[in-house]
Amino acid sequence: MEQQRELNLYLILDEHNQVCKPDQSMTVSDLLSVHTVQSWKAGDIVLINSGTGTGKSFFLRNNVCDYFKQAGLRVLYLVNRTNLLGQFAVGGNSEITYRTYQSVESNLLYKKNLDEWDIIIADEMHYFLHDTDFNHTTDVSLAWILNQKKAVRIFLSATHKGMSLYLQRQKISFKEYILPLDRTQIDNLTFFDDESQFERIAQQVIDAGTKAIFFIQSLQKALNLYKKFSEHSMFLCSKGKPEYKNVDTAAQKMMLEKEYFDCNLLFTTAVLDNGVTIKNCW
């Protein structure tokens, strides 16, 4: 049997701190008007599919939630990573209740009562399919959301159309808004599976005085690289991992609040692969 090969990714950030430069790209704010939001009624299921950097979360957390708040509606915003929870809590609307899907699943499995909501926003909806490899309770939160028929249920994703297929097969009606992916703004995206390339590329980034984010499948390899380049790097992993003791929590907090990191290199895993905003790096 052929041995499975790891696939790793690094992103080079330019002097303007952007991997993606959405100069003339269409945003979710262009796609959805306030009038459209006002047309959503209790019981509606809304899917919003648009690429990274198109302003999905910003539009929902600010423009849309401001409207919901003025209307006296209770808003629950669900995310799939605790890093997202931290960043949203810092920069988000204080009138919104933020929770992780995992906390909802835990409450349901332990038969704890959950509050009723007028609006439920399910960010990074690919969680329900992607995380099933290591989380066998994603269906619990999904079933609960779909069962909240007195609420408007809004699903967001940059990468997944699986939800629309699932709803179609279940004969559940929904409204879908799609912003076509625009990859022309990507400056440099490199995949590699040769471990010997890690250190060479990291050193090149340091020597050039630039910045890069390394997404590495192996947590131990990411940690080893961080230790080798500790003077020029930071390391992030899931809070539940033993390796989390190596995370500079102050630097992590600053990164989530300020949306940038000071050092040249950021070594991480899938914990940072969606939702978290990093833009003002320089």
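A few comments on the model shown:
- Qualifying positions in the range 240-256 - more than 17 Å from Ile278 (Cβ to Cβ) and surrounded by 14 or more Cβ atoms within 10 Å (Cβ to Cβ): Lys241, Glu243, Tyr244, Asn246
Residue by residue, here is whether (1) out of contact with any Cys (no Cβ under 7 Å at 6 or more places or on another chain); (2) closer than 24 Å to Ser39 by Cβ; (3) modelled with pLDDT of 95 or more holds:
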position	(1), (2), (3)
His130	yes, no, no
Ser141	yes, no, yes
Leu146	yes, yes, yes
Ser157	yes, yes, no
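- Count - residues of the range 95-112 that are under 15 Å from Glu124 (Cα atoms) and of a type in the set (Lys, Arg): 1
- Test result for Asp139, assigned to a helix (DSSP H, G or I) and assigned by TED's automatic domain parsing to the domain that holds Lys69: yes
- Candidate set: the range 54-76, residues that are free of Cβ contacts under 8 Å to residues at least 40 places away in the same chain and assigned to a loop (DSSP other than H, G, I, E, B); chosen: the one surrounded by the fewest Cβ atoms within 10 Å (Cβ to Cβ): Gly72
- Within the range 182-238, considering residues that are hydroxyl-bearing (Ser, Thr, Tyr) and farther than 16 Å from Cys263 by Cβ, the one modelled with the lowest pLDDT: Thr184
- Any pair with Cβ under 6 angstrom, 6 or more apart, that starts in the range 179-208 at a residue that is of a type in the set (Asp, Glu) and ends at one that is modelled with pLDDT under 70: Asp182/Ser25; Asp187/Asp14; Asp193/Arg5; Asp193/Glu6; Asp193/Leu7
The values are calculated or read from the model by the stated rules, or taken from the named source; none is laboratory data. Keep in mind that this is a model prediction, so the values were computed, not measured. Reconstructed Cβ throughout: ideal geometry from the backbone, glycine too, with neighbour counts over all protein chains shown.
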